[in-house]
Every structure is written in C-alpha cells, then in structure tokens.
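Have a look at the structure below, then the notes.
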Amino acid sequence: PFGCEDMAGNAGEWVADWYAAGYFAQSPAADPTGPSTGTEKVIKSGAYVDSASRVRASFRHHTGPTDPANYASFRCAWSR
C-alpha cells in the first residue's frame, strides 16, 4: 500500500539504537529507543547472507559500528 516492495532479504538495516542484551526486559513498553550508550549497534531484519528465519522485520542482531557489514544498509527517512 505504500509502494514498497521486495524489501525483505536484500540487506539488514542499521538503526540508531545501541545494543544491550537485556534492554527489553527494562525498556518502556511503547517505542523503546534502546540504551543511550553502548559498544555495538542494532541491525534489523536479515539479508541475502542470512537463513530464512532471520529475514523478517522483527529480527534484530548487532555488530560493532566500525565492523565491516556488507550485508547491512540504512534507510533514509523524511519526517514532515
């Protein structure tokens, strides 16, 4: 309905959130933004190098912000 097609499985998406293993146990219930600091960043969804179980919008994994990740990209967003 939004003109977006075939988005699953192409590349994981770098997001602004820092990663913390137990964060969701203590996070706000609505729109959690992640911890304020950390050593690794979150990548959402899966990519062409991942198994089928990872290629879904709710899948989250993490890697260091300076680690090469040729399977990750970012999404440009515009807010009005």
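At a glance:
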| item | result |
| --- | --- |
| Residue-by-residue Karplus 3J(HN,Hα) for the range 63-73, coefficients 6.51, -1.76, 1.60, Hz, glycine and proline x | 7, x, x, 9, 6, x, 9, 6, 9, 10, 9 |
| Under-5 Å amide H pairs with ASP17, H placed in peptide plane, nonlocal only | VAL42 |
| Amide H within-cut-off set for GLY46, under 5 Å, with H built and near neighbours excluded | GLY9, ARG56 |
| Carbon/sulfur fraction of accessible area - the chain, other protein chains in place, 1.4 Å, % | 54 |
| Antiparallel bridges, percent of DSSP beta bridges restricted to the chain (to nearest 5) | 80 |
| Tensor-based shape of the range 35-80 (alpha-carbon gyration tensor, a/c under 1.5 rounded, otherwise prolate or oblate) | oblate |
| Solvent-accessible surface (1.4 angstrom probe) belonging to ARG75, in square angstrom, nearest 10 | 130 |
| Simple spin-label estimate for ALA21 and ALA57 in nanometres, 7 Å along Cα-Cβ | 3.0 |
| With 5 Å bins from 0: P(r) over the chain, alpha-carbon pairs, percent | 3, 14, 22, 23, 20, 13, 5, 0 |
| Per residue accessible area in Å² of the chain, where ligands, DNA and RNA are left out and the probe is 1.4 Å | 76 |
| Fully extended contour minus Cα-Cα distance, from ARG75 to THR33, at 0.36 nm per residue | 13.5 nm |
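The values are calculated or read from the model by the stated rules, or taken from the named source; none is laboratory data. The shown structure was predicted, so the numbers you read here are calculated from the model rather than taken from an experiment. Counting neighbours? That spans all protein chains shown, and the Cβs are built from the backbone with ideal geometry, glycine included. For accessibility, only protein heavy atoms count, side chains too; no ligands or nucleic acids. Shrake-Rupley method; radii C 1.70, N 1.55, O 1.52, S 1.80 Å.
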